[in-house]
Amino acid sequence: MHARVVRVQYKPGLLTDFVSVYRQAVMSPLIQEQGFSGILVVSNAQTAAGFIVTLWNSETALERSELSSRKAVASMLLPFL
């Protein structure tokens, strides 16, 4: 099992919107990636910070997902960061 851990600092008051967009626009494609194993989103609304942890069956799957999704994910989430 391999994990990617991303620390996020989002705009205060936008946690609900951030999570909604992440679920709809980011998680759907990730779930379909070969080797995807799971995801965990942990946040603290008081500090407007959190972590996104994606789990992968292999290092190859983790690396492949980064190449295919980094720019798309960043552009979708940019309004909340």
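Miscellaneous remarks
- Relative to the longest principal axis of the Cα atoms of the chain, helix 59-77 runs at roughly 30 degrees.
- Ordered by 1.4 Å accessible area with all protein chains kept, Phe18, Phe36 run largest first as Phe36, Phe18.
- Formal net charge of residues neighbouring Trp56 (Cβ-Cβ distance under 11 Å; K, R +1; D, E -1): -2
- Nonpolar atom fraction for the chain, defined as the carbon and sulfur part of the 1.4 Å probe accessible area, stands at 58 percent.
- Rounded to whole Å, the principal axis extents of the Cα atoms in the chain read 36, 21, 16, largest first.
The values are calculated or read from the model by the stated rules, or taken from the named source; none is laboratory data. These numbers come from a predicted model, not from an experiment. Note that each Cβ is placed from the backbone with ideal geometry, even for glycine, and that neighbours are counted across all protein chains shown. Ligands, DNA and RNA are excluded from the accessible area calculation, which covers all protein heavy atoms including side chains. Shrake-Rupley method; radii C 1.70, N 1.55, O 1.52, S 1.80 Å.
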